[in-house]
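Reviewing the structure listed below.
The values are calculated or read from the model by the stated rules, or taken from the named source; none is laboratory data. These numbers were taken from a predicted model, which means no experiment stands behind them. Cβ placement follows ideal geometry from the backbone for every residue including glycine, while neighbour counts extend to all protein chains displayed. We work out accessible area using only protein heavy atoms, side chains counted, and drop any ligands, DNA or RNA first. Shrake-Rupley method; radii C 1.70, N 1.55, O 1.52, S 1.80 Å.
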Amino acid sequence: MFAILLPRSCQAAAALACVAWSATAGAQPAQNYPARPVRVVVPYPAGGSLDLIGRVYARGLSDGLGQPFVVDNRGGANGNVGTEAVANAAPDGYTLVVTSSSNLTINPNVYRKMAYDVQRDLAPVSLVAVQRNILVVNPSLPVKSVKELVALAQARPGSINYGSSGIGSSAHMSAELFRLVTRAQMTHVPYKGVGPATNDLLAGQIPLMFNNLAVSTPFVKNGRLRALAVTGNGRHPTLPDVPSMNEAGFPGVDVSLWEALLAPAATPPDIISKLNAEVIKAAQTPDARQRLAGAGADPATGTPQQLAQMIRTETAKWAKVVKDAKIVQE
């Protein structure tokens, strides 16, 4: 229940008119939103898959709401720098963030200190996309299945290295979950980004990694990498012959990679609802689906409440992995 406080100048005879004026005035910001350009922060460098996903939805929101939604790449600290800027922005709908599940659910567990609290300082708008990781090995590694890899790692504890795009990245956490589930002792070699890690994997400097599906697929198809399994539920249509982790015999290695749109906490609910509706429309367009596929992503949407629950559930899931694997990032 919300009480409306009438100005003293409103007399009894004019009370209904005053109530109507108050209600209309309170609704104006959302009715007129957006009245000027909106900044969409992507807290990672330009050119990556998240950048592409952010631009797909920025275009869709621009088309649907009639104002420019302008992407602002603000990378740093695994997404923390740009996301913090949004958490501290005015809650008026004019500063948004498109970010990753690792930023929202892994970073809070990995970093000793963060200048913002994801669940307190950000308002979920909608899920926007889902992606897969894929376990790939250099063909020089003598394994052709996940079970063979586990057997080799157990026979040679600590001697097999795996790469990742950085400490706390989804590639790193996928491998740590895999290591904990299988009890395979492997050594982590973190890189500054997926590009350098992939280059060393192709060169045989590292024998394996959980890599982005879109990045790995061309190399799997031309034989420069061998795919063992994809994360998530079921096989992926781009590589239909590659089993899921479940099919490979390791259902505990269930990793969902996803991206979402959020606003500063206390953004008016009607603005959140307006944005959510436009995201759902944008995700259904053939153009968006085609462009997302280029980033190895599938469109995915939902309610703000569903996204909030995903963040809570996966934050708790990764908390256990981080604790068991003793992962800390300053």
> Of the residues that sit in the range 174-201 and are open to solvent by 30 Å² or more (accessible area, probe 1.4 Å), closer than 19 Å to Val255 by Cα and among the aliphatic types (A, V, I, L, M), which one is modelled with the lowest pLDDT?
Replying inline: Val194
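Run down Leu228, Leu262, Leu239, Leu201 and say which single residue is in contact (Cβ under 8 Å) with a residue 12 or more places away in the chain and either part of a helix (DSSP H, G or I) or of a type in the set (Phe, Trp, Tyr) (or both).
The match here is Leu201.
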>> Looking only at the range 155-173, filter to residues that are in contact with a strand residue (DSSP E or B) (Cβ under 7 Å, 6 or more places away or on another chain) and in a helix (DSSP H, G or I); which one of those is modelled with the lowest pLDDT?
In response: Ser170
> Among all residue pairs at least 6 apart or on different chains, which show Cβ distances below 8 Å where the first residue, located in the range 298-312, is within 20 Å of Leu213 (Cα to Cα) and the second is among the aromatic types (Phe, Trp, Tyr) and open to solvent by less than 70 Å² (accessible area, probe 1.4 Å)?
Replying inline: Ala300/Trp258
> Can you pull out the residues in the range 210-227 that are open to solvent by less than 10 Å² (accessible area, probe 1.4 Å) and within 17 Å of Asn161 (Cα to Cα)?
Replying inline: Phe210, Asn211, Leu225
>> So, in the range 41-72, how many residues would count as being among the polar types (S, T, N, Q) and surrounded by fewer than 18 Cβ atoms within 10 Å (Cβ to Cβ)?
In response: 1
>> Against the conditions (1) open to solvent by 10 Å² or more (accessible area, probe 1.4 Å); (2) within 15 Å of Leu275 (Cβ to Cβ); (3) of a type outside the set (Phe, Trp, Tyr), where does Met114 fall short? Just the number, please.
In response: (2)
> If Ala87 passes every condition in (1) closer than 30 Å to Val328 by Cβ; (2) in contact (Cβ under 8 Å) with a residue 24 or more places away in the chain; (3) open to solvent by 20 Å² or more (accessible area, probe 1.4 Å) but one, which one does it miss?
Replying inline: (3)
>> under 24 Å from Leu201 (Cβ atoms) and open to solvent by less than 30 Å² (accessible area, probe 1.4 Å): is that true of Gly79 in this structure?
In response: yes
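Conditions tested, residue by residue: (1) under 26 Å from the mean Cα position of the chain (by Cα); (2) open to solvent by less than 10 Å² (accessible area, probe 1.4 Å); (3) β-branched (Val, Ile, Thr).
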position	(1), (2), (3)
Ile160	no, yes, yes
Ser170	yes, no, no
Ala203	no, no, no
Leu208	yes, yes, no
>> Could you go through the range 228-248 and let me know if any residue there is on the phi < 0 side of the Ramachandran plot, crowded, with 19+ Cβ neighbours inside 10 Å and in contact with a Gly (Cβ under 7 Å, 6 or more places away or on another chain).
In response: yes
> Does Ala151 qualify as being among the small types (Gly, Ala, Ser), touching a residue at least 12 places away in the same chain (Cβ under 8 Å) and either farther than 21 Å from Trp258 by Cβ or crowded, with 17+ Cβ neighbours inside 10 Å (or both)?
Replying inline: no
> Of all residues in the range 117-136 being of a type in the set (Gly, Ala, Ser) and under 12 Å from the mean Cα position of the chain (by Cα), which is farthest from Ser101 (Cα to Cα)?
Replying inline: Ser126
> Only one residue in Ala308, Ala266, Ala325 is farther than 16 Å from Ser126 by Cβ, of a type in the set (Gly, Ala, Ser) and modelled with pLDDT of 95 or more. Which one?
Replying inline: Ala266
>> I'm checking my understanding of the structure. Among residues of the range 117-133 that are at pLDDT below 95 and either open to solvent by less than 30 Å² (accessible area, probe 1.4 Å) or in contact with a Pro (Cβ under 7 Å, 6 or more places away or on another chain) (or both), which one is nearest to Leu239 (Cα to Cα)?
In response: Asn133
> For the range 277-298, what are the residues that are modelled with pLDDT of 95 or more, open to solvent by less than 20 Å² (accessible area, probe 1.4 Å) and more than 15 Å from Arg59 (Cβ to Cβ)?
Replying inline: none
> part of a loop (DSSP other than H, G, I, E, B) and in contact (Cβ under 8 Å) with a residue 40 or more places away in the chain, is that true of Thr315?
Replying inline: no
